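Only one structure is covered here, and it is reproduced in the block below.
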Amino acid sequence: MKILILNGPNLNLLGRREPSIYGNLTFDEYFETLKKKYNNIALHYYQSNVEGELINKLHEVGFSFDGVILNAGAYTHTSVAIGDAIKGIETPVIEVHISNVHAREEFRHVSYIAPNAKGVIAGFGLQSYELALMSFL
Ligand code: DQA
């Protein structure tokens, strides 16, 4: 099984960025433990701060991978183009968030990903990614 974890803008700063919201662990540290725990899955990871690069990656994997776990960061709340990209591919996409976006500012309650996603997981810290992964098993 081939799964891609795709992280959007500012998520390269995990571990340093607003630790009271996003925690102290870097994504690379978390990804290593996840890969060890699920070593029977071909788990891939890509991060970009650039909207078009996220779209290119969705196109690249979207007809051959079994799933995408997408944290589009702030693009979740703004990007019609990423929403359209998800509509245009065959691979199911799960929207994840580290924080509970529904308990935060109102602009974070809007998602252009959710209407096109298989499901949404938010608010479980980095464990949100593992919960999404488990749903593909
Ligand atoms: C986030 C929530 C978004 O609103 C925010 O812009 C992020 C991170 C999360 O994982 O909680 O960058 O997607």
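The values are calculated or read from the model by the stated rules, or taken from the named source; none is laboratory data. Keep in mind that what you see is a predicted model, and the values were worked out from it rather than measured. Quick reminder, even Gly has a Cβ in these numbers, built from the backbone with ideal geometry, and neighbours come from all protein chains shown. These accessible areas exclude ligands, DNA and RNA; they are computed on the full protein's heavy atoms, side chains included. Shrake-Rupley method; radii C 1.70, N 1.55, O 1.52, S 1.80 Å.
How many residues does the range 103-126 contain that are surrounded by 17 or more Cβ atoms within 10 Å (Cβ to Cβ), among the small types (Gly, Ala, Ser) and either more than 10 Å from the ligand (Cβ to nearest atom) or over 14 Å from Asn71 (Cβ atoms) (or both)? Result for the range 103-126: 1. Scanning the range 77-102 for residues that are open to solvent by 20 Å² or more (accessible area, probe 1.4 Å), of a type outside the set (Lys, Arg) and assigned to a helix (DSSP H, G or I) returns His77, Val80, Ala81, Asp84, Gly88, His102. Within the range 127-136, restricting attention to residues that are more than 15 Å from the ligand (Cβ to nearest atom) and surrounded by 15 or more Cβ atoms within 10 Å (Cβ to Cβ), the residue that is nearest to the chain's Cα centre (by Cα) is Leu133. On the stretch given as the range 74-102, residues that are within 11 Å of the ligand (Cβ to nearest atom) and not β-branched (Val, Ile, Thr) total 8.
Meeting the requirement of 1 or more residues that are open to solvent by 60 Å² or more (accessible area, probe 1.4 Å) and at pLDDT below 95, the helices (runs of 4 or more DSSP H) wholly within the range 1-76 are 19-22. Given the structure, is Ser99 polar (S, T, N, Q) and within 17 Å of Leu131 (Cα to Cα)? Judged against the criteria, Ser99 is a match.
For the range 103-120, filtering for residues that are of a type in the set (D, E, K, R), assigned to a helix (DSSP H, G or I) and touching a residue at least 24 places away in the same chain (Cβ under 8 Å) leaves 1. Against the conditions (1) over 17 Å from Ser128 (Cα atoms); (2) more than 10 Å from the ligand (Cβ to nearest atom); (3) of a type in the set (A, V, I, L, M, F, W, C), Leu13 satisfies every one except (2).
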